[in-house]
1. Can you put D16, D3 in order, fewest other beta carbons within 10 Å first?
2. Give the value in nm², to one decimal: projected area of the alpha carbon convex hull of the chain, averaged over all directions.
3. What number, rounded to the nearest 500 deg cm²/dmol, is the helix-based mean residue ellipticity at 222 nm of the chain, given -39500 (n - 2.57) per DSSP H run of at least four residues and division by all its residues?
4. For H33, what charge total do you get from the other residues with a beta carbon under 14 Å from its beta carbon, if Lys and Arg give +1 and Asp and Glu give -1?
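Derivation of every value follows stated rules applied to the coordinates shown; laboratory data play no part. On a predicted model such as this, the values are computed, not experimentally measured, just so you know. Glycine gets a Cβ as well: all are built from the backbone with ideal geometry, and neighbour counts include every protein chain shown.
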Amino acid sequence: MEDVGFGDLRFGEPVDTYGGAPGEANARTFGVHGYPFTAVKPG
């Protein structure tokens, strides 16, 4: 993200975004998680 001009990147703890979804088993097998984040792109 920094390569395209975003700064002040902040990432949160991993979140289980696939619970109850059709691909949940695959997500668990491969350790897939979502990560909340914020970033600022100066205008």
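1. Working: D16 13, D3 5.
By the 10 Å Cβ count, ascending, the order reads D3, D16.
2. Numbers: hull surface 16.1 nm².
Answer in nm², one decimal: 4.0.
3. On the way: 1 runs with 7 residues, N = 43.
Per the formula, -4000 deg cm²/dmol.
4. Details: positive: R28; negative: E13, D16, E24.
Residues close to H33 contribute a combined charge of -2.
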